[in-house]
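What follows is a set of notes on a single structure, which appears directly below.
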Amino acid sequence: MHEHADIIFANEAFYVAFQMKDLEAMEDLWAQEAPVACTHPGWPSLSGREQVLKSWRAIFENPDAVAVTCRGAKARRYGDTAFVTCYEVIGENLLAATNIFVREEGAWKMVHHQAGPCHVPPPELGEDDDDEEAGRLQ
């Protein structure tokens, strides 16, 4: 089994909540104790849980919002902190994204999400890499 499966699972849960426009699930994914921030493409950086969740509410209420798909997720962990780099496919657009997680009460919770345009075609968007060592950033 992939040694970062729990982190990849938290990342996938984020994208499922995003795709399903499930605000309750999105609220559950974000950290409650640790400080949080989010930078949506074209938006100013948002800080604080209330501001971040308000932004997701606005995105979910937009009837013109297009579906997003996560591809090529790679997790890296250092103790109780982890990050996932991936690509978001939104319609014809490709974004590079970083999602940062911390452990709160035994579960991986998001503390930061940032996505922006990717103008250079990425390497093949295949399966996640298994070459990271547990507990060590690479």
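The values are calculated or read from the model by the stated rules, or taken from the named source; none is laboratory data. Source: prediction; values computed, not measured. Here the Cβ is made from the backbone with ideal geometry for all residues, glycine too, and neighbour counts use every protein chain on show.
Things to note:
- Wholly within region 62-138, strands (runs of 3 or more DSSP E) carrying at least 2 residues that are touching an Asp or Glu at 6+ places or on another chain (Cβ under 7 Å), surrounded by 14 or more Cβ atoms within 10 Å (Cβ to Cβ) and modelled with pLDDT of 95 or more: 68-78, 93-104, 107-117
- Tally, over region 1-58, of residues that are among the β-branched types (Val, Ile, Thr) and either outside any helix (DSSP H, G or I) or surrounded by fewer than 15 Cβ atoms within 10 Å (Cβ to Cβ) (or both): 3
- From the options ALA31, ALA82, residue that is hydrophobic (A, V, I, L, M, F, W, C) and farther than 28 Å from HIS119 by Cα: ALA31
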